[in-house]
Amino acid sequence: MDKKEVLVAILMGSASDADVMKGCVELLQTLEVPHEVRILSAHRTPDQTRAYVAEAEARGVRVFIAGAGWAAHLAGFVAGHTHRPVIGVPIDSSPLKGFDALLATVQMPPGVPVATVSVGKGGAKNAAVLAAQILSLTHPDLDERLRAYREEQTRKVLEAENPWRT
Ligand code: RP5
């Protein structure tokens, strides 16, 4: 895996989404997946978002991750401007605690999918794992790192302290 070639683009609708999306960024770092982060909005910076997606796809970005809250159109907007896979993270930043963002992100019309993960911090981490799984189909070294990551989770569960175990 060439570390200079950015394979994953992470977009978030606002700097206020960073606390949720940092789990995604950190996990891609851990898995050694070359990535970049942009703060761009479907509603507030539509022209810049469209230009970035076109430029990033032309540069070789393989997977887009988009996290947004409220009436979250960012992932769908990105999906409408690229043929690459798009993963959407609904962010729990609104009074509806992300239920609005979940529906806006997941309910894409037929033909333009957004692979939507769970709401909030857990979903942000899963977006990184899903992007890595997609890339691992053509990068065996990443496949190895993903297997190690899964094995680590298995080990933690089995080694967890259990005072009730007989
Ligand atoms: C959405 O509105 C963003 O993704 C964010 O979750 C939410 C609030 O944005 P700010 O008002 O904090 O910039 O577009």
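No lab work stands behind these numbers, since they all come straight from the coordinates. Quick caveat, the model's predicted, so the values are computed rather than measured. Cβ: placed from backbone, ideal geometry, glycine included. Neighbour counts: every protein chain shown.
Please give the contour-minus-distance gain from Ala18 to Thr154: 0.36 nm per residue of separation, less the Cα-Cα distance, rounded to one decimal in nm.
46.1 nm
Just want the answer: with Cβ charges of +1 for Lys and Arg and -1 for Asp and Glu, which residue in Pro140, Ala115, Val129 is farthest toward the dipole's positive end in the range 115-166?
Going by the Cα projections, it comes out as Ala115.
Compute the longest continuous run of the chain that contains no exposed GluC sites (Glu not before Pro); treat a site as exposed when its DSSP state is not H, G, I, E or B and it has at most 16 other Cβ atoms within 10 Å.
Between exposed loop sites, the widest span is 33-160.
In debye, nearest 20, what is the charge dipole magnitude of the chain about its Cα centre with +1 on Lys and Arg Cβ and -1 on Asp and Glu Cβ, if you could check?
The calculated dipole for the chain is roughly 160 debye.
For Leu7, list long-range residues whose amide hydrogen, built 1.01 Å from N in the peptide plane, is under 5 Å from its own amide hydrogen.
His35
In degrees, nearest 10, range 0 to 90: what is the angle between the Cα axis of helix 46-59 and the longest Cα principal axis of the chain?
Taking the Cα atoms of the chain, the angle to 46-59 is about 60 degrees.
Extension gain Val37-Glu55, at 0.36 nm per residue separation less the Cα-Cα distance, in nm?
Going from the current span to full extension adds 5.1 nm.
Using only the alpha-carbon atoms, how far is helix 18-30 inclined from the longest principal axis of the chain? Give it as 0 to 90 degrees, nearest 10.
It is inclined by approximately 60 degrees.
Hey, what angle do you get for helix 140-159 against the long axis of the chain, alpha-carbon based, 0 to 90 degrees rounded to 10?
So the inclination is approximately 50 degrees.
So, counting K/R as plus one and D/E as minus one, what does the shell of residues with Cβ under 12 Å around Leu146 add up to?
Result for the local shell: -3.
Could you give the nm distance between label points at Arg165 and Asp2, where each point is 7 Å from its Cα heading toward the beta carbon?
That separation, rounded to one decimal, is 4.7 nm.
Show that you can apply the helix-only estimate: for the chain, add -39,500 (n - 2.57) for every DSSP H stretch of four or more residues, divide by all residues, and state [θ] at 222 nm to the nearest 500.
Counting only the DSSP helices, I get -14500 deg cm²/dmol.
Starting with the fewest neighbours, write out Arg44, Arg165 ranked by other beta-carbon atoms found within 10 Å of each beta-carbon.
Taking fewest neighbouring Cβ atoms as first place, the list is Arg165, Arg44.
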